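*Asks:* Got a structure for you, questions after.
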Amino acid sequence: MNQVVVLALVGAVAWGFWAVLADAATRSMAPEVAMIVSYAVAIAVAGVYTWHRGTSLLGSDPMALWFAGLGGVAAGVGAVAYYMALQVGSAGIATTITAMYFVVAAGLGFVAFGNVPEASDLAGIAAAVVAVVLIAY
């Protein structure tokens, strides 16, 4: 099996567990606290992995640090919204709708990077949106 597919499946399974565990945590703790604990542990895991690989923390491109930092701002805002949604509503709905981030990423890729969508790309995005609507409502 393709390495990209294997790693993506591991990520999908891990994030599936994360969603369920985050939902359980927000039943008895503030969503922002659950998020801080979750992300602090995630940073520790990433730190151990980085140390194990011997990866330079600063890299060689200062612009990449800006992009990573801005990505962190976006991730933080998304995480706060997600954890709050878990606390006030159904995990199935909150997780399904927030998982649609790939539609935003695809749209930004089309606009910012000049990627030209093929008909199959647009059909896949439309099908995903319909699926989310059916699941969420």
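Each value in this text was obtained by applying a stated rule to the coordinates, not by laboratory testing. Keep in mind that this is a model prediction, so the values were computed, not measured. Quick reminder, even Gly has a Cβ in these numbers, built from the backbone with ideal geometry, and neighbours come from all protein chains shown.
*Asks:* When both residues are 6+ apart or on different chains and their Cβ atoms are under 7 Å apart, which pairs have a first residue that lies in the stretch 1-29 and is farther than 15 Å from Gly92 by Cβ, and a second that is among the hydrophobic types (A, V, I, L, M, F, W, C)?
*Replies:* Ala25/Ala34
*Asks:* Continuing with the same structure: How many of the residues in the stretch 20-37 are part of a helix (DSSP H, G or I) and of a type in the set (Ser, Thr, Tyr)? Steps first, please.
*Replies:* Going through the stretch 20-37, the residues part of a helix (DSSP H, G or I) turn out to be 20-26, 31-37.
From what is left, the residues that are of a type in the set (Ser, Thr, Tyr) are 26.
Residues flagged as part of a helix (DSSP H, G or I) and of a type in the set (Ser, Thr, Tyr) within the stretch 20-37 amount to 1.
*Asks:* Here's another thing I want to ask about it. Within the stretch 1-15, count every residue that is farther than 18 Å from Ala99 by Cα and either assigned to a loop (DSSP other than H, G, I, E, B) or within 12 Å of the chain's Cα centre (by Cα) (or both).
*Replies:* Within the stretch 1-15, residues that are farther than 18 Å from Ala99 by Cα and either assigned to a loop (DSSP other than H, G, I, E, B) or within 12 Å of the chain's Cα centre (by Cα) (or both) number 2.
*Asks:* Please work out which one of (1) part of a loop (DSSP other than H, G, I, E, B); (2) exposed (fewer than 11 other Cβ atoms within 10 Å of the Cβ) is the condition Ala40 fails and give its number.
*Replies:* The failed condition is (1).
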